[in-house]
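Engineer: Let me begin by handing over the structure; questions about it come next.
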Amino acid sequence: MKKHMENLVIVRGGGDIASGTIHKLYRSGFSVIILEIAAPTAIRRRVAFSEAMYDGMAEVEGVLCQKANSLEYIEGLFLERRIPIIQDETCEILKQVKPIALVDAILAKKNLGTKIDMAPITIALGPGFEAGLDANAVIETQRGHDLGRIIWKGFAQKNTGVPGVIGGYGKERVIHSQTAGRIQNICKISDEVTKGQVIATIGEVKVKATIDGILRGIIRDNYPVEQGLKIADIDPRMDEKKNCFTISDKARCIAGSVLEAILQLQREKR
């Protein structure tokens, strides 16, 4: 276990953006432990390690992640070249392990408890954190010219609530729940859908596609959604079905910046 702990990064969150960073760090030679909540709400589930919280196992572009319940089990997963994911909302694991870095990739648009002194290097993604106070560095997550910029002092751009434009569509491609209740999915990720088509139901309420395209993401079937929760994402590019199963350009950009920030801070500390 000691060998793996010498290069350990703890990542809070296992959604699709977080998974891009986790994948990059793992491929770059770091050991990674993912901390998640009991019931994650990932939309792009085919590229989210957080799905292992439900299924016990998840795979993203050839990298395997497996749910673990103890430190001893984590050690076995490291030996099997699998990324451990555990339920840990408050970073209790830090009482047992000492990572070289901690990355807050929850993307909650606010700080859910990450502190700069949790690890020698602390990095946070998106708004809600002040670089130099809450974390050593903050990574810009807003699409545009500054996407992936490493912020050493100050804040990332505030959340606009408007999704990035893909294929000419922004807010139109994202679907939010109009009511609360358990969602029953009719369509699955990668299905071709047309505007007005019923893709799911929540009680008596029909969830309809807002545009023509590929269903790039939809929240897990039977999940108890709240009103206003993001539940689906449609990609208008009909010829981009493969994107449903691969890490996005946004996630890769952010991942590269996290890796760069860790390496730079390691060099400075040496």
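The values are calculated or read from the model by the stated rules, or taken from the named source; none is laboratory data. No experiment lies behind these values; they were computed from the predicted model shown. Cβ atoms come from the backbone with ideal geometry, glycine included; neighbour counts cover every protein chain shown.
Matching residues to (1) within 30 Å of ALA200 (Cβ to Cβ); (2) in contact with a Pro (Cβ under 8 Å, 6 or more places away or on another chain); (3) not assigned by TED's automatic domain parsing to the domain that holds SER190:
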{"position": "VAL9", "(1), (2), (3)": "no, yes, yes"}
{"position": "THR21", "(1), (2), (3)": "yes, no, yes"}
{"position": "SER31", "(1), (2), (3)": "no, no, yes"}
{"position": "ILE37", "(1), (2), (3)": "yes, no, yes"}
{"position": "ILE43", "(1), (2), (3)": "yes, no, yes"}
{"position": "MET57", "(1), (2), (3)": "yes, no, yes"}
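Engineer: In the stretch 227-242, is there at least one residue being closer than 24 Å to TYR26 by Cβ, of a type outside the set (A, V, I, L, M), modelled with pLDDT of 95 or more and surrounded by 15 or more Cβ atoms within 10 Å (Cβ to Cβ)?
Structural biologist: no
Engineer: A follow-up question, please. Only one residue in VAL60, VAL32 is surrounded by 20 or more Cβ atoms within 10 Å (Cβ to Cβ) and over 19 Å from ASP104 (Cα atoms). Which one?
Structural biologist: Answer to the selection: VAL60.
Engineer: If you don't mind, there's one more thing I want to ask. Among the listed residues GLU204, GLU260, identify the single one that is among the charged types (D, E, K, R), at pLDDT 95 or above and assigned by TED's automatic domain parsing to the domain that holds ILE10.
Structural biologist: It is GLU260.
Engineer: Can you find a residue in the stretch 178-188 that is among the β-branched types (Val, Ile, Thr) and either in the same structural domain as LYS110 (by TED's automatic domain parsing) or over 23 Å from the mean Cα position of the chain (by Cα) (or both)?
Structural biologist: yes
Engineer: Considering only the stretch 146-165, how many residues are of a type in the set (Val, Ile, Thr) and at pLDDT below 75?
Structural biologist: Residues flagged as of a type in the set (Val, Ile, Thr) and at pLDDT below 75 within the stretch 146-165 amount to 2.
Engineer: How many of the residues making up the stretch 114-127 are within 29 Å of PRO163 (Cβ to Cβ) and touching a residue at least 24 places away in the same chain (Cβ under 8 Å)?
Structural biologist: Residues that pass the stated criteria total 5.
Engineer: Identify, please: which residue in the stretch 141-163 is charged (D, E, K, R) and in contact (Cβ under 8 Å) with a residue 40 or more places away in the chain and is, among those, surrounded by the most Cβ atoms within 10 Å (Cβ to Cβ)?
Structural biologist: Step by step, filter the stretch 141-163, then rank; the result is ARG143.
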